[in-house]
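As structure tokens, the structure follows; a few thoughts come after it.
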Amino acid sequence: MKKIAIIGRPNVGKSSLFNRLVKKRDAITSDLAGTTRDIKRKTAVIIDKEAELLDTGGLDKGCELFDKIKEMSLKAAYAADIILYMVDGKGLPEEEDKKLFYELQAMGKDIALVVNKIDNDKMKEKLWEFYEFGTDAIFGISVAHNRNTIELMEWLYDKLPESDKIVEEEEEAKPEVKEEELSDEEFFSQYENEDDDDGFYYWDEDEDEVDKDSIFGNNDRIKEYDPEDENHIKIAIIGRTNVGKSSLLNALLNEERSVVSSVAGTTIDPIDETIVYKDKQLTFVDTAGLRRRGKIVGIERYALMRTKAMLENANMALLVLDASQPFLDLDEKIAGLIDQNRLACIIVLNKWDIAKKDEYDKIIKEVRERFKFLSYAPILTLSAQTHQRVDKLHDKILEINENYSQRIPTSKVNEVIERALRRHTLPSVSGQVIRIYYATQYETRPPKIAIIMNKPKGLHFTYRRYLANKFREAFNFEGTPLLFKAKKKGEK
């Protein structure tokens, strides 16, 4: 598949064109220079041919962060087969743009000059000024108004090989469901009233939607077990700013995929990258670093909302903590998002190479005390900077995914329940005897167990915790939450 890189200085409309070509609002856009910092990759369909589209950060000079963004963007251009060099049509041609354009043109790649913000017919006159770039492949467009993009699409189409044409398979006609396209503001406004309190999040056993076909009655969502789903693991890398999330992503991929700098909040738009490891697809998502709510400003608010949306679609989270610094209450609140989304989890103590050696045991102990609600999560100590023990993380991810996806036979589930009841019977409630009739696992990722009993409200949280411990003793549930739902027999 051919690669198309969108290159240009800040605020010329690269991310807007990226969103237009992938037909989805995937990249965060704003008027703030440096909004896009890492390389975003998505498959785009150009008429009926597929191509990998790369959205790059602005080519600008300045601080350490902008220099690294420029370096990453130029690397993407060198790796691409086709380059769209974008400029702002509202201004005059810049000498820096010409210099970069000629440099890229000399590489012998297919390159087009895309003059954006030609919003009306009157603006077309300004297009002539850009012919001094000395190229015939020049397109005056308006991404915002979707004007004059057909010629650009046809030019791209001619540059893509016939082998990249989409082969449509015959299938039964299905009603077309059109996805509503929302602006960034509309998309994120859905989260405006979301509770951002400082508490932790636990599974609410009554929150599921009604499923009338459930064998356990209403309030269940019994999902069909799909073993193929286990082959794709979506892993969110989460933590506060400057704990080394982007460095960890680069180390896991063994390439510089994400911009790393000492500037807090370097990653804004969550980026994802998929690798194949031992026949499993691992999709890592480097999310924006989270701050205290009062310190979130501007586009970081969008980044926070998009990070939450990414977590809703993830299977596993790598909670990255800085082992060289004291842990903060914010670390615990971020970890609460993992619990809220019922994700498998690995706690990653990064920067272990610069942590105080005489405090290793103290650091591990503090993690266990602070993150008791993630007691099931294994702890890995590593250094993303030096790649120390990073190689162990890939295998640990596969191991935890097996636990997260496992299905325990009903007979085995009930054996554990029976042993637990023999050891400690259920306490009575207001003189009423509480009975468990049977139990069965009805869902995976995470494992969910339905307990059928005469008085569901009589299953106290302390007994749930006792049952969870018994199941963890009997089966390997390391790294995964274990959820119980008490149901009344024959409940409708």
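The values are calculated or read from the model by the stated rules, or taken from the named source; none is laboratory data. Keep in mind it's a predicted model, so treat the numbers as computed, not measured. FYI the Cβ positions are ideal-geometry reconstructions off the backbone, even for glycines, and counts take in every protein chain you see.
Table for the structure above
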read-out: Looking only at the range 476-488, and only at residues there that are modelled with pLDDT under 95 and touching a Leu at 6+ places or on another chain (Cβ under 8 Å), the one that is nearest to Glu443 (Cα to Cα); value: Phe484
read-out: Extreme residue, surrounded by the most Cβ atoms within 10 Å (Cβ to Cβ), among residues of the range 361-390 that are closer than 15 Å to Asp331 by Cα and acidic (Asp, Glu); value: Glu366
read-out: Condition broken by Thr283, with the remaining ones in (1) modelled with pLDDT of 85 or more; (2) not in a strand (DSSP E or B) satisfied; value: (2)
read-out: Test: residue in the range 107-125 that is touching a Leu at 6+ places or on another chain (Cβ under 9 Å) and in a helix (DSSP H, G or I); value: no
read-out: Top-ranked residue of the range 336-355 - restricted to ones that are in contact (Cβ under 8 Å) with a residue 60 or more places away in the chain and of a type in the set (A, V, I, L, M, F, W, C), ranked as nearest to Ala251 (Cα to Cα); value: Val348
read-out: Selected residue (only one of Glu473, Glu491 is farther than 30 Å from Ile354 by Cα, surrounded by fewer than 14 Cβ atoms within 10 Å (Cβ to Cβ) and modelled with pLDDT of 95 or more); value: Glu473
read-out: Condition check for Ile452: free of Cβ contacts under 8 Å to residues at least 60 places away in the same chain and not assigned by TED's automatic domain parsing to the domain that holds Leu349; value: no
